[in-house]
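The structure appears right after this line, and notes come after that.
The values are calculated or read from the model by the stated rules, or taken from the named source; none is laboratory data. None of the values given here were measured: they were computed from a predicted structure. All Cβ positions, even for glycine, are placed from backbone atoms using ideal geometry, and neighbour counts span all protein chains on display. Heads up: the accessible areas ignore ligands, DNA and RNA and are worked out on the full protein's heavy atoms, side chains in. Shrake-Rupley method; radii C 1.70, N 1.55, O 1.52, S 1.80 Å.
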Amino acid sequence: MNAPYERLEQLEQEALAALESAMDSGALQEWHRLYLGRKGELTSLLRLVAELPEDERPTFGRAANTLKATLESAYEQRVETVRRQELERELARGALDVTLPGRPLGPGHLHLTTQTLRRIYAIFAEMGFQVYEAPDVETDEFNFELLNMPPHHPARDMWDTFWITDKVLLRTHTSPGQIRVMRERYPEPIRVILPGKCYRYEQITARSEHQFYQVEGLAVGHGIRMSDLIGTLTEFARRLYGPDRRIRIRGSYFPFTEPSVEADMDCILCRGAGCRVCKYSGWLEIAGAGMVHPQVLRNGGYDPDEWSGFAFGMGVERPAMLQYSIDDIRLFYGNDLRFLRQF
Ligand code: FA5
């Protein structure tokens with residue numbers, strides 16, 4: 001047997017013996033560097049290949065690779081053993097007391113949006129409104145067509161849309177739920193609120209998110225009038241923001257209500273005098289609303305000659321922003337606990 005082969009055998013014995021005496025992770029690292037490292041013994045041995053006659057080189061190469069594999073697997077096993085021994089030593093020293101109680105996790109609390117939603121539910125529940133949930137993923141038919149917006153209707157531009165397919169979308173408002181409740185409840189009278197997330201393909205700014213909450217309201221019955229709508233919204237604003245709130249109704253346009261209005265409330269900060277919050281108008285918008293359009297009643301299965309109804313849709317984050325002087329809607333879902341803990 002010539003010198004390189006002998007060296008190979010010697011190296012195996014030497015390395016395995018050294019491995020057995022490596023007692024901690026530092027020693028193991030040192031062993032790895034010495035025998036398997038880039039400048040280690042095995043690597044330098046492989047260089048001896050050049051000294052061998054050409055026909056012996058493949059056999060030597062194979063033998064060296066086998067040795068490499070043997071040493072690597074012995075190393076892995078030794079690492080396991082040493083790790084276990086180290087842990088046992090540590091436990092014996094009492095450094096790790098597994099009987100200690102864990103670090104306490106403080107209780108969380110409801111998100112500001114959830115708190116606001118629950119306040120809104122409670123107020124409407126007292127006024128006899130049930131909560132009805134409709135799907136976030138909607139069809140063009142429910143989000144637009146049945147609400148009086150056929151394809152290419154210009155009012156569709158009011159709602160920039162996330163499309164999933166040609167006919168399926170993420171609802172841009174909670175109004176499609178109106179049709180769903182009517183079709184489910186006919187021929188009963190209806191008094192529901194429909195809370196939920198809405199999605200709009202919009203530029204995100206301090207005032208606008210592309211994902212936000214709305215609460216829709218719908219009442220359908222015999223002889224329901226505009227004054228019922230105004231009374232309901234006034235009562236709601238007074239219960240949420242204080243008993244002396246005033247409501248103002250302005251004419252507006254939505255394809256699914258006729259007539260359509262926007263309801264404003266006197267500014268909670270300046271009480272109508274004019275300030276930064278209300279942009280010096282004295283008023284804050286609280287909801288889009290109106291009398292349910294006869295065609296929408298029909299689409300829900302209710303005959304508009306016998307039935308009438310009102311509907312409204314309000315944001316959730318924007319009123320909460322006003323109430324707590326939050327100047328950026330992006331804080332709501334930024335998951336910064338320093339912000340969330342304040343509420
Ligand atoms: C609507 O979505 C109508 N569906 C409301 C309605 C319902 C009218 C029933 C008539 C009858 P509008 O696009 O104005 O209307 O949205 C209503 C409220 O949602 C706004 O007043 C605002 O508070 C909130 N909102 C709208 N877009 C955003 C947004 N990008 N980020 C946060 N809040 C928003």
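Per residue, how large is the accessible surface of the chain? Use a 1.4 angstrom probe and give square angstrom.
Ligands and nucleic acids excluded, the result is 56 Å² per residue.
Using C-alpha positions alone, give me the convex hull volume of the stretch 132-218 per residue in cubic angstrom.
Expressed per residue, the convex hull around the Cα atoms of the stretch 132-218 is 93 Å³.
Can you give the angle from 0 to 90° between the axis of helix 176-185 and the longest principal axis of the chain, with both taken from C-alpha atoms, to the nearest 10?
Taking Cα atoms only, the helix is inclined about 70 degrees.
Once the stretch 281-343 is represented by equal point scatterers at the alpha-carbon sites, with solvent omitted, what log10 I(q)/I(0) does the Debye formula produce at q = 0.19, 0.29 Å⁻¹?
Result of the Debye calculation: -0.76, -1.21.
Grab the other residues whose beta carbon is less than 13 angstrom from that of Gly37, score K and R as +1, D and E as -1, and report the net.
Its environment carries a net charge of +1.
Subtracting the Cα-Cα distance from 0.36 nm times the residue separation, let me have the gained length for Gln85 to Gln29 in nm, one decimal.
Fully extending the segment from Gln85 to Gln29 adds 18.6 nm.
Largest first and in whole Å, what are the equivalent-ellipsoid semi-axes of the chain based on the Cα gyration tensor, each being the root of 5 times an eigenvalue?
Listed largest to smallest, the semi-axes of the chain are 75, 27, 19 Å.
Tell me which residues come under 5 Å, amide H to amide H, from Gln130 once H is placed; ignore anything under 5 positions away on its chain.
Answer set, sorted by chain and number: Arg191, Val192, Ile193.
Rg and Dmax of the stretch 3-92 over Cα atoms: what are they, in angstrom?
When restricted to Cα atoms, the stretch 3-92 yields Rg and Dmax of 15.3, 57 Å.
Mind listing the long-range amide H neighbours of Arg246? Cut-off is under 5 Å, sequence gap 5 or more, other chains count too, H placed in the peptide plane at 1.01 Å from N.
When sequence neighbours closer than 5 places are left aside, the close amide H contacts are Asp266.
Check Cys198: other-chain or 5+ apart residues with amide H under 5 Å from its amide H, H built from backbone geometry?
So Cys198 has HN proximity to Phe212, Tyr213, Gln214.
Whole-Hz ³J(HN,Hα) for each residue in the stretch 214-226, computed from phi via Karplus 6.51 cos²θ - 1.76 cosθ + 1.60 with θ = phi - 60°, x for glycine and proline: what do you get?
Each residue of the stretch 214-226 in turn: 10, 10, 8, x, 9, 10, 10, x, 9, x, 6, 10, 4 Hz.
Ordered by residue, what ³J(HN,Hα) values in Hz, to whole numbers, does the stretch 23-33 give under the Karplus form 6.51 cos²θ - 1.76 cosθ + 1.60, where θ = phi - 60° and Gly and Pro are x?
So the Karplus estimates, Gly and Pro as x, are 9, 9, 5, x, 5, 5, 4, 4, 4, 4, 4 Hz.
Pairing rule first: another cysteine's C-beta must sit under 4.7 Å. Under that rule, which cysteines of the chain stay single?
Cys198
What distance in nm separates the two pseudo spin-label positions at Tyr5 and Thr66, each 7 Å out from Cα along the beta-carbon direction?
Roughly 1.1 nm, to one decimal.
Quick one: check the C-alpha center-to-center distance for the stretch 13-82 versus the stretch 244-280, whole angstrom.
81
If you line up the long axis of helix 57-93 against the longest principal axis of the chain, both from Cα atoms, how many degrees apart are they, to the nearest 10?
The angle comes out near 60 degrees.
To the nearest 10 degrees, how steeply does helix 3-20 sit against the main Cα axis of the chain, on a 0 to 90 scale?
60
Can you give me the % of accessible surface on the chain that is carbon or sulfur? Probe 1.4 Å, all protein chains present, nothing else counted.
Whole-percent figure for carbon plus sulfur exposure: 51.
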